[in-house]
Amino acid sequence: MRATPVFPPPPPSYTLRLLDSPHQIDPAAWDALLRRQSQPTPFMRHAYLAALHISDSATPHTGWAPCFVTLWQGDTLCAACAVYVKAHSYGEYVFDWAWADAYQRHGLAYYPKAVAAVPFTPVPGTRLLACDEPARAALLQALVGWAGAAGLSSLHLLFASDDDLAAARAAGLMLRHTVQFHWHNQRPADAAPFADFDDFLASLAQDKRKKIRQERRRVQQAGVVFRVLRGREITTDDWDFFYRCYERTYLEHGNPPYLTRAFFAQMQQHMPEAWVLFVAEREGRRVASSLIALSARPDCATGQNNIQHIAYGRYWGALERVDCLHFEACYYQPIAWCIAQGVQRFEGGAQGEHKMARALLPVQTSSAHWLAHPAFADAVDRFLAREGEGMAHYLEDLRGRSPFRQKHP
């Protein structure tokens, strides 16, 4: 049977502090730590996490009870992680419903559990903020020790960075792999950035190129044009319109939206530079919108560097139905913008093989898991071994279906 890792308290060189609100942490200290990570994202900025809290989007009321696990040396923040205690598995995008069901069938409680993740945000990036690798290992040790002492069934690090995964692997946690689809601003022939959208189309196989042109033509023939707004160009009225679109999309699928209007008000006030809004108009009426987020290096956490390297597809919605408008708003408009702005990568979010036809290519994303119950940890470990083999074959198959033109000898 697989041995469940047992973790002592963190080394005495660190002081462990458990905080239940982002407001108990100095934003400058948190963001300074974020800037030191190899895979920072705007979604781990203090302002973003605080907005989730302030807006009642991710709070105990919605099933996301926050605990900010921090390690200190004197007054210096050395490591930190945003963790949420949960009584459900909604808004995570790494699906463990079958695990919860197995626990229930055996008369055991899977909930509450702990999740180290950005709520509602399936974007790979650093979860264990640390000043160095020993601090990262000590933070993970503190996390699992806290989860065990709190009587939680499990701890899950979702969409973790390579550094996080290395620490998790060394600590004996179980790894799980999934697939996302990302677009890269790189011509296959010579690895140079695309000159424009036509240059991008020219790199695709003929059938893919033809399909994209047909889809874009349908949107144009419907009389739809787009305006692109960035940062403080996005007014309160624009945010109001976007939220109407976003809310309707969720309601049409039978669920209320995860994020409140107050959350986006916080983004407008505290993180405007992190957003680009695409507004679709027809006959002078706004009919749809899509929103992408931006990351800047090396000063990701402050937005001071204006050279955007990564864009993240986030949300969309429409008030009128137009054939192929979703593809135009969520893929073609953002890709064209990324090419024009020199963005290196556009991450399309969770799941969706259909994205490959738009040249978003498969990449592996990973999470790490600790389960307190030894027998279930052993069963999940064996399940993940089988699932991992299947995922590896799936990824290999996807990579063999490139949308780009094939080189001829």
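The values are calculated or read from the model by the stated rules, or taken from the named source; none is laboratory data. Since the structure is predicted, the reported quantities are computational estimates derived from the model, not experimental observations. Positions of Cβ are generated from backbone atoms using ideal geometry, with glycine treated the same way; all protein chains shown enter the neighbour counts. Ligands, DNA and RNA are excluded from the accessible area calculation, which covers all protein heavy atoms including side chains. Shrake-Rupley method; radii C 1.70, N 1.55, O 1.52, S 1.80 Å.
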* Search the structure for amide H atoms under 5 Å from the amide H of LEU361, placed 1.01 Å from N in the peptide plane, and list their residues when 5 or more places away or on another chain. => HIS182, TRP183, HIS184
* Asked: To the nearest Å, what is the center-to-center distance of the range 25-76 and the range 270-295, using C-alpha atoms only?
  -> 26
* Any chance you could look up the accessible area of ARG230 with a 1.4 Å probe, heavy atoms only, rounded to 10 Å²? => 60
* Structure fact -> In the chain, taking the dipole from +1 charges on Lys and Arg beta carbons and -1 charges on Asp and Glu beta carbons about the Cα centre, the listed residue (ILE234, PHE197, GLY352) farthest towards the positive end is PHE197
* Structure fact -> Length-normalised contact order of the chain, Cα under 8 Å, at least 6 apart, in percent, tallies to 22
* For the range 212-260 and the range 380-409, distance of Cα centres in Å -> 33
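Looking only at Cα atoms, what is the convex hull volume of the range 135-196 per residue, in Å³?
Working: hull volume 9.1 nm³, N = 62.
In the range 135-196, the Cα convex hull volume per residue is 146 Å³.
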* Structure fact -> Taking Rh as the Kirkwood radius computed over alpha-carbon pairs of the range 76-181 and applying Stokes-Einstein at 25 °C with viscosity 0.890 mPa s, one gets a diffusion coefficient in µm² s⁻¹ of 170
* To do: Quick one: accessible surface of LEU158, probe radius 1.4 Å, all protein chains present, in square angstrom to the nearest 10.
  => 0
* Asked: Gap in Å between the Cα centre of the range 145-194 and the Cα centre of the range 302-371?
  -> 18
* Asked: Using Cα pairs under 8 angstrom and six or more residues apart, how large is the relative contact order of the range 57-120, in percent?
  -> 30
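Given just the C-alpha atoms of the chain, how large is their convex hull per residue in cubic angstrom? Don't jump to the answer; show the numbers that get you there.
Working: hull volume 60.9 nm³, N = 409.
Expressed per residue, the convex hull around the Cα atoms of the chain is 149 Å³.
Rank these residues by their accessible area, most exposed first, probe 1.4 Å: TRP30, TRP316.
Values: TRP30 0, TRP316 55 Å².
Greatest to least solvent exposure: TRP316, TRP30.
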* **Long-range HN-HN contacts of ARG405 with modeled amide H, under 5 Å** => LEU204, ALA205
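Between ARG382 and VAL225, what length in nm is gained on full extension when 0.36 nm per residue of separation is reduced by their alpha carbon distance? It would help to have the intermediate numbers written out before the result.
Working: separation 157, 0.36 × 157 = 56.52 nm, distance 5.18 nm.
Length gained between ARG382 and VAL225: 51.3 nm.
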* Karplus couplings for the range 107-122 from phi (6.51 cos²θ - 1.76 cosθ + 1.60, θ = phi - 60°), rounded to Hz, Gly and Pro as x? -> x, 10, 9, 7, 9, x, 10, 10, 10, 9, 6, 8, x, 6, 9, x
* Structure fact -> Given the candidates GLN268, HIS182, GLY172, the one whose Cα lies deepest towards the positive end of the charge dipole of the range 154-280, counting +1 at each Lys or Arg C-beta and -1 at each Asp or Glu C-beta, is HIS182
* To do: Calculate, axis by axis, the spread of Cα positions in the range 80-126 along the three principal axes, and write the results as whole Å, longest axis first.
  => 34, 19, 13
* Asked: What ranking of GLU281, GLU215 comes out by heavy-atom accessible area, probe 1.4 Å, highest first?
  -> GLU281, GLU215
* Asked: With every protein chain present, what accessible area does SER402 have (1.4 Å probe, heavy atoms only), rounded to the nearest 10 Å²?
  -> 50
* Asked: Say we join alpha carbon atoms closer than 10 Å with springs in a Gaussian network model of the chain; which of ASP199, ASP207, ASP190 then has the biggest fluctuation?
  -> ASP190
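Could you give the dipole magnitude of the chain about its Cα centre, charging the beta-carbon of Lys and Arg +1 and that of Asp and Glu -1, in debye to the nearest 20? Please report the intermediate quantities before stating the final value.
On the way: 42 positive and 40 negative charges, 193 e Å.
So the dipole magnitude of the chain works out to roughly 920 debye.
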* Take the alpha carbon gyration tensor of the range 223-375, find the square roots of its eigenvalues, order them as a ≥ b ≥ c, and report rounded if a/c is under 1.5; if not, report prolate when a/b exceeds b/c, else oblate. => rounded
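Indicate the helices, whole DSSP H runs only, in the chain that combine a mean Kyte-Doolittle hydropathy of 0.5 or more with a Cα extent along their long axis of 20 angstrom or more.
Long hydrophobic helices here: 133-149.
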* To do: Would you kindly derive the ³J(HN,Hα) couplings of the range 10-19 from the backbone phi angles with the Karplus curve 6.51 cos²θ - 1.76 cosθ + 1.60 (θ = phi - 60°), listing them in order in whole Hz, with x for Gly and Pro?
  => x, x, x, 5, 10, 9, 8, 10, 9, 10
